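Below is one structure, written out as structure tokens, with a few remarks after it.
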Amino acid sequence: MSIKIKTLAAMGCALALSSGFTATAQAAGANAIGVKDAWVRWLPNNLPAAGYATLVNASDKPVDLVDISSNDYGDAMLHQTVSNGSSQKMVMVDKLTVPAHGQVAIAPGGYHVMLEDAKHKIAPGDTVHLTLKFSDGETLDTPFAVKSPAKTK
Ligand SMILES: [Cu+2]
């Protein structure tokens, strides 16, 4: 009987410790990732738009971008443009790793966030918001500046 009580006490202690660590990790993770140069290449006639940004990881651990959603578009997916000889195609990307103390560019010719099914009229000069979710539990509601293709060369 006394052994059982000790075991429970030890478990309680371990639980308290682990939840303490979790809180610390979340506090550190809250500002692990920063987003800069976030913009959307808008196209007319309800064609899909493409979102671009640079993700910067200030922490000492790699962090994955694992999900993208938006209140402004019905569909937001991370794609990669892959060259296949003379042709190019887009492939879905499940996650994008931002290296420790490093950055990764979602930029023309490489990755893009495919934005389809706009939920309201969106035009150059607008700001749309994408919600970026990361493997450390961080969620960033990020403003993206909408630009016309002519102004993005
Ligand atoms: Cu695409």
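The values are calculated or read from the model by the stated rules, or taken from the named source; none is laboratory data. This one's a predicted model, so the numbers in the text were calculated from it and none came from an experiment. For neighbour counting, all protein chains shown are included, and Cβ atoms are generated from backbone atoms with ideal geometry for every residue, glycine included.
Here are the numbers for the structure shown:
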{"quantity": "In the range 131-152, the residues that are within 16 Å of the ligand (Cβ to nearest atom) and at pLDDT 95 or above", "calculated": "Phe144"}
{"quantity": "Asp94 vs. criteria in a loop (DSSP other than H, G, I, E, B), among the charged types (D, E, K, R), on the phi < 0 side of the Ramachandran plot and within 15 Å of the ligand (Cβ to nearest atom)", "calculated": "yes"}
{"quantity": "Flag for Asp60 being outside any strand (DSSP E or B) and within 15 Å of the chain's Cα centre (by Cα)", "calculated": "no"}
{"quantity": "Sole exception among (1) more than 16 Å from the ligand (Cβ to nearest atom); (2) over 22 Å from Gly34 (Cβ atoms); (3) in contact with a Phe, Trp or Tyr (Cβ under 6 Å, 6 or more places away or on another chain) for Val128, by number", "calculated": "(2)"}
{"quantity": "Qualifying residue in the range 81-91 (condition: within 23 Å of Ala145 (Cα to Cα), surrounded by 11 or more Cβ atoms within 10 Å (Cβ to Cβ), away from the ligand (no atom under 16 Å from the Cβ) and assigned by TED's automatic domain parsing to the domain that holds Pro124)", "calculated": "no"}
{"quantity": "Residue ID - farthest from Ala53 (Cα to Cα), chosen from residues in the range 113-125 that are of a type in the set (A, V, I, L, M) and within 16 Å of the ligand (Cβ to nearest atom)", "calculated": "Ala118"}
{"quantity": "Members of the range 97-109 that are modelled with pLDDT of 95 or more and in a loop (DSSP other than H, G, I, E, B)", "calculated": "Pro99, Ala100, His101, Gly102, Ala107"}
{"quantity": "Selection within the range 27-80 - in contact with a Gly (Cβ under 6 Å, 6 or more places away or on another chain) and within 16 Å of the ligand (Cβ to nearest atom)", "calculated": "Val40"}
